[in-house]
1. Filter segment 216-235 for residues that are of a type outside the set (A, V, I, L, M) and surrounded by fewer than 14 Cβ atoms within 10 Å (Cβ to Cβ) and give the result.
2. Quick check: anything in segment 445-460 of a type in the set (A, V, I, L, M), modelled with pLDDT of 95 or more, open to solvent by less than 60 Å² (accessible area, probe 1.4 Å) and in contact with an Asp or Glu (Cβ under 9 Å, 6 or more places away or on another chain)?
3. Out of (1) open to solvent by less than 90 Å² (accessible area, probe 1.4 Å); (2) farther than 25 Å from Leu375 by Cβ, the odd one out for Ile204 is which?
4. Please work out which one of (1) open to solvent by 60 Å² or more (accessible area, probe 1.4 Å); (2) out of contact with any Leu (no Cβ under 9 Å at 6 or more places or on another chain); (3) touching a residue at least 60 places away in the same chain (Cβ under 8 Å) is the condition Asp311 fails and give its number.
5. With respect to Ala332, determine if the residue is at negative phi, open to solvent by less than 20 Å² (accessible area, probe 1.4 Å), at pLDDT 95 or above and not in a strand (DSSP E or B).
6. In segment 199-242, what count of residues is obtained for those that are farther than 18 Å from Asp333 by Cα and hydroxyl-bearing (Ser, Thr, Tyr)?
7. May I ask you to verify whether Asp356 is open to solvent by 30 Å² or more (accessible area, probe 1.4 Å) and touching a strand residue (DSSP E or B) at 6+ places or on another chain (Cβ under 6 Å)?
Amino acid sequence: DESAARRGRRGAHAGLAALPRRAMRIRASMALLQTRRGPNSIATALRVPTHRSLSCLVGTARRDSFCLLHRALSSSAAPSNDYHGKQLRAAIRAAKLRAEAARKTGKTEQGGSGYSGSGPYESRWEHFKWMLLGAIAELGLFGALRLGVMALVRSPAGMQSAGALAAIFGVATYGSLDGSTPEAPVEPTPLPSSAIRDEAKIPIPSSWLTTNLADVLCHRVTVDLSSAEGAALRTQLETAMRSAAHDSCMTQNAKLLTPQITKIERNENLHLWKAYWHGKRELVDRHYAYNIRVRPTPAKLPDFDKDGLVDPNLNEMFLFHGTSHEMLGVIADHGFDERVSALNGGYGAGIYLTDDFCKASEYASADSATGDKVLFINRVVLGDPIFMKSALRNARRPPERGGDFSPGTTFDSVIATTVSTKFSPGPIGSGGEVRGEEHREIVVYDHHQVYPEYIVHFKLV
């Protein structure tokens with residue numbers, strides 16, 4: 001009786017003889033690759049020495065030879081002219097040259113399937129030498145050089161080196177570490193005219209200079225403080241800042257400090273404005289869907305909007321946010337981003353705002369050159385807030401409503417009264433009594449509820 005290995009080998013030879021060269025179907029080739037003697041039959045079909053030679057020449061300790069053989073046997077055509085096809089042709093020619101050299105020297109290759117890792121072929125130099133000779137014989141000197149460069153660039157180390165060189169010379173690369181090189185990104189699709197027509201219903205503040213809905217870049221327009229309109233806005237803002245501050249917070253060395261505005265910028269960013277406006281409409285839809293009744297929340301700051309675009313039914317109001325000069329451009333260009341907020345904040349990872357100027361001023365760092373501080377005057381939609389008396393750490397959204405509301409229905413924002421001193425800031429009741437002034441912290445967890453409208457540069461004098 002023939003052994004199973006002998007029957008398998010006889011069947012493999014019969015299948016290869018019945019089918020055209022390199023035309024074996026995928027299932028048959030995979031079955032051969034999985035058998036013990038299959039690689040020898042495949043090597044015979046390709047008229048090269050056994051799999052042991054090909055495995056060493058194509059890639060030591062890797063399965064590249066299996067992949068290349070499967071590619072050759074799965075296609076009825078000759079190896080393609082792409083990188084993998086050239087690599088296959090060079091490997092086959094290298095195997096033939098190695099077998100011919102072995103016959104001339106009288107050294108015959110031992111039979112067997114697979115590469116054991118020993119013998120004359122385990123040397124990396126031996127592998128490189130025969131692969132180079134095969135590439136030169138098959139592709140020519142220039143073709144072999146190109147194949148070598150492609151192999152180097154497609155390796156992980158080569159991709160990193162190419163990226164470093166591209167960074168030095170200012171050339172953009174889009175290669176990945178797995179050796180693939182995707183196409184360069186296409187240009188952004190222009191805003192469809194139909195979308196512009198639909199969004200034409202979104203009102204734009206009358207003071208804006210940017211009115212083209214297709215212009216979605218950020219424009220920081222400096223308000224002329226010498227004009228009547230600029231002077232009126234400056235007076236209104238300074239009055240609001242002074243009235244929204246505690247004397248005890250603004251006292252330094254027995255002297256009461258007052259804010260003095262040096263510059264006002266109007267942030268005209270239609271990309272953020274449209275997102276903010278859509279967010280308002282989505283909040284209205286959500287309230288209607290879940291029968292949420294908004295409880296009115298009085299605003300401390302005056303309404304800086306002269307166009308009547310503030311919606312009191314959504315508790316829309318203006319609030320402060322102190323920041324640094326380094327973050328100023330980021331927020332103006334891209335808006336606030338709750339994803340980068342710290343979870344260990346007093347009320348979780350949200351966007352923190354306040355209607356107390358002295359609270360916002362604590363987070364407004366002074367410029368090293370001019371000494372000016374900076375803060376944002378923001379339009380904010382609070383919706384239906386929850387009033388907190390304790391901390392809400394590790395939160396990514398407002399608390400759920402509970403009661404008759406369906407699970408997952410949350411409040412729209414958080415309003416918390418905090419005690420702030422230079423030594424012990426924190427929510428009331430979270431860590432014992434502390435002395436200081438009470439401030440309101442207002443937190444939203446969706447950046448679509450905030451639009452950074454004015455950038456105010458000021459000094460405390």
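1. Answer for segment 216-235, where residues must be of a type outside the set (A, V, I, L, M) and surrounded by fewer than 14 Cβ atoms within 10 Å (Cβ to Cβ): Thr222, Asp224, Ser226, Ser227, Glu229, Thr235.
2. yes
3. Ile204 satisfies all of (1) open to solvent by less than 90 Å² (accessible area, probe 1.4 Å); (2) farther than 25 Å from Leu375 by Cβ except (2).
4. Evaluating Asp311 over (1) open to solvent by 60 Å² or more (accessible area, probe 1.4 Å); (2) out of contact with any Leu (no Cβ under 9 Å at 6 or more places or on another chain); (3) touching a residue at least 60 places away in the same chain (Cβ under 8 Å) leaves (1) as the failure.
5. So Ala332 fits the description; yes.
6. The total comes to 6.
7. no
Results for (1) of a type outside the set (A, V, I, L, M); (2) under 18 Å from Leu460 (Cα atoms); (3) within 39 Å of the chain's Cα centre (by Cα), shown as yes or no for each residue.
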residue: Thr211; (1), (2), (3): yes, no, yes
residue: Leu225; (1), (2), (3): no, no, no
residue: Ala231; (1), (2), (3): no, no, no
residue: Glu238; (1), (2), (3): yes, yes, no
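The values are calculated or read from the model by the stated rules, or taken from the named source; none is laboratory data. Bear in mind that the values here come from a model prediction, so they are computed numbers and not experimental data. All Cβ positions, glycine included, derive from the backbone under ideal geometry; neighbour counts span all protein chains shown. With ligands, DNA and RNA removed, areas are computed over all heavy atoms of the protein, side chains included. Shrake-Rupley method; radii C 1.70, N 1.55, O 1.52, S 1.80 Å.
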